[in-house]
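Structure, as structure tokens:
Bear in mind these aren't lab numbers, they're just calculated from the coordinates by the rules spelled out. Source: prediction; values computed, not measured. Backbone-built Cβ (ideal geometry, glycine too); neighbour counts: all protein chains shown.
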Amino acid sequence: MVAEKRSRPAPKKRQPKKPARRRKAAPKRRGLLGTLLWPFKWLLILFWRIAWRGTLVVGLLVGIGVFYYAATLPPIDELVDGRTRGSVTLLDARGETFAWRGDQFGGMIRASDVNENLRNAVIATEDKRFYWHFGVDFYATGAAMVRNYRNGGNPLSGAGGSSLTQQTAKLLCFGRPFDPNTWEDETAYEADCRRTTLWRKVQEAVYAFAMEARYTKEEILTIYLNRAYLGAGSRGFEAAAQRYFGVSAVDVNAPQSAMLAGLLQAPSARAPTRNLQRAQDRGATVLRLMRDEGYLTPEEEAVAQANPATLSQAARARAGGYFADWVMDSGPSFFTDGTTEDVIIRTTLDPRIQTAAEEALVWVFENKVREGSEAQAAIVVMSADGAVRAMVGGRDLTASGAFNRATQALRQTGSAFKPFIYATALDLGFSALDILIDEPTCWDIPGPNDYCPTNYTGRFEGAVTMVEALQQSLNIPAVALSETVGRENVRTVAENFGIARELAQGPALALGASESTLIEMTGAYAGILNGGSAVKPYGLVELRLSGDSEPLLTATGGIRERVIQESAARQLTWMMYQVVEGGSGRRAGVEGWEIAGKTGTTQGARDAWFIGFSGDYVAGVWMGYDNNTPLTGVTGSGLPAEIWHETMVRVLSGLVPTPLPMDVPAQAIVPQPQQGQGGDGLGYTPEQADTIINDLLRELQNNGG
């Protein structure tokens, strides 16, 4: 059977469904703020797109800058000493440092080697988060900018909040070395490096990041500790520790560390050599910061606060400033004020004698001079060979670079010049017991009037010996003797003894109308003490570069050629001994010592001198006003002689008395009388002279002469 074929019915065509009607979404509620900002939405989107792209670009540029700087940074050994000029260290006769000039660098120190107190003091003061940031402390920088804005309106002016790494970047001037063609001097260079602008802050940050990438924290701190300026010419903490405390930065204690760290903000103003109390006050603040950061316990801080740092003896004394300036001026400039090397100069300064001179000056002005007086004084002490042992150039004992009245003041010498007249006569064969006449006398000079000097007392003594004339500082005999032996001969002797200035041409030469300096006059008297040979005063013994054992220069002063015979010098010394024993220089005498010397007072009392010597030292004192105002009631036999006495009492204390090299004259030589106008001072016959000499010898013997 065959099944009936069946066919399937065709499927029904589906009618396409009509799309469902969508409901309109209800508008979002934006709120008031959204409604206000809605029109600016596209601006915000644009700003965001620009901002993140700009940030990406800035980040890329910063990265390039960091990479560039980091690649160019040298090893730290090449960065620790950034000075453009050298330093001069001056040593006294014992080899101890007493003065510094230029920029001192005590040698490289590493942060790991310095005393822990010093490292902690710097961190606590300058950057307490130093070990936690990557070169920039954004929190400190932002806080500083807010403070600056509130205080002055300029967020970049004032406290910068710079991290210690950023400060180091400034010290390195972002890698720019000093160029004399760009900056006038190092001061201008450093000021430019510290200048703050927005671009400089960016550059500073980039350089700081580079340093953090290139160096370790300890290396960055090492650079900072060596480059920071700490006042008084000290570059780095090693130099400052030596300058102020006489110790290495390895050995400073907590108070000393705090004082050094406190100098970082204002090194010149807070330098302890300038204002010790201010430096101590800042140090006390740093100690409190160290306690707050946990570097000191409260007990340790209390002990440190009770024992603030003080200066070393050398730094405290600040002695020899005038002497140091003189030595610096006497050496070649390329090794002194213009040096680019570190120079060591050993000098003749004796600190004990320097202290004696300074104490004497202070004592006399405090006890003998009226309060408010502006009179000045100067002192020079030297050995017989011209080695200067002490120098005071004025009443300001702490001065440096000031006018030095001992070496720079040209003043008339007055009667202090007279020994050169008698030296000339004695060298020509005269005797200290030869007779001179003290009576009114005039000499012809160019002009309408004759030269008619008088004595300070207004009296005339008649017949006197040469020793008496010098002892009483009589003027007529001095001029008469100068004219007799020859003015040119006197001038030659004075010049050969070291009075290098232009000397007066007329008869007033004998009374000190010429000008000279105190150091020249003292050096000339040293020639009398040493037996008649000239000396060149000197203070520099040797000059060498730091680290070298062989000196580059040695002393150029000392004893020179002979000027007068030794016998004449010894007889002149005896005459000057009589000046102190019983004449115008009595106030200068020192008990137990033989002292020789001469007073000097110029016309109008504008200058007063006393120059004299023991068997060991020559000392000169000058007193006067800088503006040439006449002194009131002061002569060379007064205050200058007292200053000399107070100086030499201290200098000679504890020493065994040394006798003066002097000879008592054996006989008199009476010069032949010469004609003069109104008397020439040399008019006695041999018979009259013998009688007078015998009388004078008896008088001298009765007086212990």
**Asked** Exposure proxy check: 64, 445 ranked by fewest other beta carbons within 10 Å?
**Response** 64, 445
**Asked** Let a ≥ b ≥ c be the square roots of the eigenvalues of the Cα gyration tensor of the range 422-494; is it rounded (a/c under 1.5), or, if not, prolate (a/b larger than b/c) or oblate?
**Response** oblate
**Asked** R0 = 30 Å: FRET efficiency of residue 146 with residue 396, Cβ-based, nearest 0.05?
**Response** 0.05
**Message:** For a 18 Å ceiling on Cα separation, which of these pairs sit above it: 418/598; 170/201; 368/418?
**Reply:** 368/418
**Asked** If each of residue 200 and residue 131 carries a label point 7 Å out from its Cα toward its Cβ, how far apart are those two points in nm?
**Response** 3.2 nm
**Message:** With N set to the number of residues, divide the alpha-carbon radius of gyration of the range 364-413 by 2.2 N^0.38 Å and report two decimals.
**Reply:** 1.29
**Prompt:** Residues with amide H under 5 Å of residue 635's amide H, sequence separation 5 or more or different chain, H placed in the peptide plane at 1.01 Å from N; which?
**Reply:** none
**Fill in**
Taking 383-395, 517-529, 334-346 and ranking on average Cβ neighbours within 10 Å, highest first, one gets 517-529, 383-395, 334-346
**Request:** Please list, in chain and number order, the residues 5+ apart from residue 560 or on another chain whose amide H is under 5 Å from its amide H, with Hs placed from the backbone.
**Result:** 534, 535, 536
**Summed residue charge, Cβ within 13 Å of residue 169's Cβ, Lys/Arg positive, Asp/Glu negative** = +4
**Volume per residue of the C-alpha convex hull in the range 351-493, rounded to whole Å³** = 190 Å³
**Request:** Multiply the residue gap between residue 110 and residue 546 by 0.36 nm, knock off their C-alpha separation, and tell me the result in nm, one decimal place.
**Result:** 154.9 nm
**Message:** If I take R0 = 56 Å and measure r between the Cβ atoms of residue 85 and residue 586 in this structure, what FRET efficiency does the formula 1/(1 + (r/R0)^6) give, to the nearest 0.05?
**Reply:** 0.60
**Item:** Under Karplus coefficients 6.51, -1.76 and 1.60, residue-wise ³J(HN,Hα) of the range 279-284 in Hz, glycine/proline x
**Value:** 5, 5, 5, 5, x, 5
**Request:** Give the Rg (one decimal place) followed by the Dmax (whole number) of the range 275-332, computed from C-alpha coordinates and expressed in Å.
**Result:** 18.0, 54
**Asked** If each of residue 366 and residue 603 carries a label point 7 Å out from its Cα toward its Cβ, how far apart are those two points in nm?
**Response** 4.0 nm
**Request:** Pop a pseudo-label 7 angstrom from the Cα along the beta-carbon direction at both residue 307 and residue 182 and give the gap in nm to one decimal.
**Result:** 4.8 nm
**Complete:** Counting only residues 5 or more apart in sequence or on a different chain, those whose built amide H sits under 5 Å from that of residue 163 are 137
